Amino acid sequence: MEKEKKKLNLKPVWIVVSFIVLFAIVLMPTPASLPVMGKMALAILAFAVIMWVTEAVSYPVSSTMIVALIIMLIGFSPIEKLGPSMGNPMAAGKPLAEDALFGTQNALKIAFSGFSSSAVALVAAALFLATAMQVTNLHKRLALLVLSIVGNKTNAVVAGSIIVSIILAFFVPSATARAGAVVPILLGMVTAFGAKKDSRLAALLVITAVQAVSIWNIGIKTGAAQNMVAMGFINKTFNEDVSWGEWFMYAAPWSVIMSIVLYFVMINVIKPETDEIEGGKELVKAQLAELGPVTPKEWRLIAISVTLLFFWATEGKFHPIDSSSITLIALAIMLTPKVGVFSWGDVEKRIPWGTIIVFAIGISLGNLLLQTTGAQWLSDKTFGIMGLEHLPLLATIALITIFNILIHLGFASATSLSSALIPVFIALTSTLGLKDNAIGFVLIQQFVISFGFLLPVSAPQNMLAYGTGTFTVKDFLKAGIPLTVIGYLLILLFSATYWKWIGLI
């Protein structure tokens, strides 16, 4: 209890530290190569990173504070030389004095620019789709069906939990929801065997499930919100899109190999007490029986989900409809009375509205960093001293990927990490003069942002699993270290071969 109090008492300290760092940067002399607005954007970024890493306040609260800071610090900054993308009043031909301020109204537009991103619409619709799976219990039925097929052998159940995570990644665009579907079922199997919650068997199955979720956050574009953050910045900066099918072609082979690696790592790192779960298969069948026959709502959701998956996979080939638009159309169908699967009342309390706010404000902050050249300046100063522009592309990827993995240790949210880093990586492509390789470089770093293999605090699904009390941080590390090392080496191997052959870089 005392430790808990101490931890809670540190939060006000971190809030104070955030503001001290913010004001320290604001009051520093502005470098000649950086506009005042760029310096203000970097001050807000520093404030946001401390808030996100320490979780001094909740993510939605920190997002509201970021909006207020953008309004004040950007609104009262001099206009200088800014383009139309910043909402510059001079772009409309208004004659202004050299020392004219940008204005709070224009700053407010930037603060809320993230809400106009199609990526936010996709994330919001994806949350509704994940909720539809939970309301109908279709995700649980899919998980039980797979586990009922694999049998009682421990190794087979490990493989089954990986397969379940893969299948759900196609239809449930929420890592936490996927983990929430599989983990309780696995715990039920452990209980059926008579093992304790803190047994090696429980640790093996639960860690396997959540690590598989993280692996397939990378393999599938709609698998995780942070992927949408990256795509929002890529669309805005490069005016290009990466379709669902293209993403799958780039990342799924990596995830397939990592899934196989995960199986062998887990069965060797965490040895269960038994090779067979007696009664496990019967328990799964009993839970399936409890669900009863497939309901009409489930059949409708299956039809909508399969159709949605088809449209995602064939985007740009058989039709011109983008992922965000088709997902919103599917959402409208799911909410339509008689035809759909739920009502607004069914989902209103289940949707994490704060997630949508955090996501949109994260994009707004990234847009601000890019448009004020703050991200470019930070990239030049941070990575320029490393002499990366003189290194081969593969060596650059190797170094930046290590930096990316290490900095992830401080972030509990891959979405906030994407918001902070992707604009800097986009700016770095200009520093390095990557040109045709720019999008590929940013995508590879986005894949790495989704790693989250090392610590329970590295991802929400890890924390959900950790909350079950089935494993220790040490257990998670024992599996996470080899997965991170092998994943890193695979990134380099794919960069030198497959991604080069198919033209990603």
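Key figures
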{"item": "Ellipticity estimate at 222 nm from DSSP helix runs (n ≥ 4, -39,500 (n - 2.57)) divided over the chain, nearest 500", "result": "-23000 deg cm²/dmol"}
{"item": "Within straight-line cross-link reach of LYS39, aspartates and glutamates at Cα separation under 20 Å, skipping those fewer than 8 residues along the same chain", "result": "GLU80, GLU98, ASP99, ASP380"}
{"item": "Helix axis angle, 225-238 relative to the chain longest principal axis, alpha carbon, degrees", "result": "40 degrees"}
{"item": "Rounded Å value of the spacing that divides the Cα centres of the stretch 421-438 and the stretch 10-77", "result": "24 Å"}
{"item": "At R0 = 60 Å, FRET efficiency that the Cβ-Cβ distance of LYS153 and LEU108 yields, to 0.05", "result": "0.50"}
{"item": "Spin-label model distance (nm) - GLU80 vs LEU291, 7 Å beyond Cα toward Cβ", "result": "5.6 nm"}
{"item": "Distance violations [Cα-Cα > 27 Å] among LYS140/LYS236; LYS221/LYS474; LYS381/LYS500; LYS196/LYS285; LYS197/LYS271", "result": "LYS140/LYS236; LYS221/LYS474; LYS381/LYS500"}
{"item": "Protein accessible area in the chain, 1.4 Å probe - carbon and sulfur %", "result": "67 percent"}
{"item": "Table column - 3J(HN,Hα) (Hz), the stretch 438-450, Karplus curve with 6.51, -1.76, 1.60, x for Gly and Pro", "result": "4, 4, x, 4, 5, 4, 4, 5, 5, 4, 5, 4, 7"}
{"item": "Per-residue HN-Hα couplings for the stretch 319-336 [Karplus 6.51, -1.76, 1.60; θ = phi - 60°; Hz; x = Gly/Pro]", "result": "7, x, 7, 6, 4, 4, 5, 5, 5, 5, 5, 4, 4, 4, 5, 5, 8, 5"}
{"item": "Nonlocal amide H pairs with GLU276, under 5 Å, H built at 1.01 Å", "result": "THR154"}
{"item": "With Cα atoms, 0 to 90° folded angle of helix 280-291 axis to the chain main axis", "result": "70 degrees"}
{"item": "Pairwise FRET efficiency - LEU409 versus VAL306, Cβ, R0 = 41 Å, nearest 0.05", "result": "0.60"}
{"item": "The chain - accessible surface per residue (Å², probe 1.4 Å)", "result": "41 Å²"}
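The values are calculated or read from the model by the stated rules, or taken from the named source; none is laboratory data. Note that the coordinates shown come from a computational prediction; the quantities given were computed from them, not determined experimentally. Counting neighbours? That spans all protein chains shown, and the Cβs are built from the backbone with ideal geometry, glycine included. Calculation scope for accessible area: heavy atoms of the full protein, side chains included, ligands and nucleic acids excluded. Shrake-Rupley method; radii C 1.70, N 1.55, O 1.52, S 1.80 Å.
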